[in-house]
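K.L.:
The structure follows.
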Amino acid sequence: MPTLALAPTPDGLNRAAGMLRAGDLVAFPTETVYGLGADARNDIAVARIFQAKGRPRFNPLIVHLPDLAAAREIAAFPDEALRLASAFWPGALTLVLPLKGTALSPLVTAGLDTVALRVPDHPVAHTLLETFGGPVAAPSANPSGKVSPTRAAHVLEGLSGRIEAVVDGGPCPVGVESTIIGFTPTPALLRPGGLPVEAIEACLGGALTRHAKGARPNAPGQLASHYAPAAAVRLGRTTPEPGDLWLGFGPTPGADLNLSESGDLVEAAANLFHHLRSLDARAAPGQGISVAPVPPHGLGHAINDRLRRAAAPR
Ligand code: TXA
Ligand code: MG
């Protein structure tokens, strides 16, 4: 697919918003780095973000909103979060907060019950978000493992042909990713970034909790805190364990649910958390979930990574 370069004009931004509505991937500038945007409520569009980036696992994504009022519809804000949002939004600050409601695709949060939110301080991002009128999930617009893009040309170098469009808004003024703060429940630094920690601590009137040395706070995909079913999960089953529920992939006669009957990995990723949750809810005490093999290529890496975590002893 050819990647369209759009100008940050009213016309270009209307077109970009329409593409987001249609489930397309649209990269756009923020003051930190270019984000790879998709409608955060659209399971398939969010799955395609991971496919385009070649991410080996489903790390949770940051959801971008035009203002605090829109953010408060998606997450609950403790007092300290409200204070930080009032002081630093729009800006290079991301807050990880308790998720409200079920509007977002569970892939955005990697099945967690918290969500990372940010109101970017960039006129192009702001107009796009207002015009689109919904939450936009956007990781940095680079292939996994490559540096974050701060120009539209960088986005095209890495992702041309893998995404539908990029809005060219010139160079990003900050040039490093946002600072991420979590509330667990006390404010904690999850990732240093474009907003200095000192400014945040001055606003809160106290020190932030920092992660212990050697921890990998910027890689929550590797933390044990991810969603895991209560039921035992058994992988690679071409026939189910007797008595188990069976989660299929590809043609799987007798499966209780199927990640994708046609064997489409994007569809399978989009269904993954929904299906795990509904089988987990259906499982009787002691009943397990057998999972059909998922091929180890493309999005299959991320799907298998998540399934292995779900199956790990705990
Ligand atoms: O400046 C930025 O933050 C850029 C622009 C595009 O906004 N975005 C960005 O996204 O850097 P990304 O996907 O590269 O980094 C998102 C990080 C995840 O790796 C994770 O560390 C954190 O946000 N994150 C997201 N949701 C989380 C959650 N529920 N709990 C903990 N951490 C979370
Ligand atoms: Mg990144």
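Each value in this text was obtained by applying a stated rule to the coordinates, not by laboratory testing. All figures in this text were calculated on a predicted structure; none of them were measured in a lab. Cβ: placed from backbone, ideal geometry, glycine included. Neighbour counts: every protein chain shown.
K.L.:
What is the local net charge at residue 30, summed over the other residues whose Cβ is closer than 10 Å to its Cβ (Lys, Arg +1; Asp, Glu -1)? Before the final figure, lay out the partial values.
P.N.:
Numbers: positive: 118; negative: 31, 121, 177.
The answer is -2.
K.L.:
With both partners inside region 4-220, how many of the DSSP beta bridges are antiparallel, as a percent to the nearest 5? Mind showing how you got there, number by number?
P.N.:
Details: 17 of 31 bridges.
So the antiparallel bridges amount to about 55 percent of the total.
K.L.:
Comparing 291, 26, 174, which has the greatest mean-square fluctuation in the GNM of the chain with Cα pairs linked when under 10 Å apart?
P.N.:
Sorting by GNM fluctuation, first place goes to 174.
K.L.:
Alpha carbons only, please: Rg and Dmax for region 233-311, in angstrom.
P.N.:
Radius of gyration, then largest Cα-Cα span, for region 233-311: 11.3, 35 Å.
K.L.:
Suppose every K and R has +1 on its Cβ and every D and E has -1 on its Cβ; what is the size of the dipole of the chain about the Cα centre, in Debye to the nearest 20? Numbers along the way, then the final one.
P.N.:
Working: 26 positive and 26 negative charges, 172 e Å.
In total the dipole reaches around 820 debye.
K.L.:
Magnitude of the Cβ-charge dipole of region 31-138, K/R +1 and D/E -1, about the Cα centre, nearest 20 debye?
P.N.:
On the way: 9 positive and 10 negative charges, 82 e Å.
In total the dipole reaches around 400 debye.
K.L.:
So, one more: How much of the pair distance distribution for the chain lies past 38 Å, counting alpha-carbon pairs only, in percent? Mind showing how you got there, number by number?
P.N.:
Details: 7420 of 49141 pairs.
Taking all Cα-Cα pairs of the chain, the fraction more than 38 Å apart is 15 percent.
K.L.:
Can you give me the long-range amide H partners of residue 27? Hydrogens built in the peptide plane at 1.01 Å from N, cutoff under 5 Å, separation of 5 or more residues or another chain.
P.N.:
Answer set, sorted by chain and number: 37, 165, 166, 167.
K.L.:
Another one. Over region 1-81, what per residue volume does the convex hull of the Cα atoms give, in whole Å³? Don't jump to the answer; show the numbers that get you there.
P.N.:
On the way: hull volume 11.3 nm³, N = 81.
Once divided by residue count, the hull of region 1-81 is 139 Å³.
K.L.:
Additional query: What are the equivalent ellipsoid semi-axes of region 150-202, built from the alpha-carbon gyration tensor (square roots of five times its eigenvalues), in whole angstrom, biggest first? Spell out each step's value before the answer.
P.N.:
Working: eigenvalues 196, 37, 11 Å².
The answer is 31, 14, 7 Å, longest axis first.
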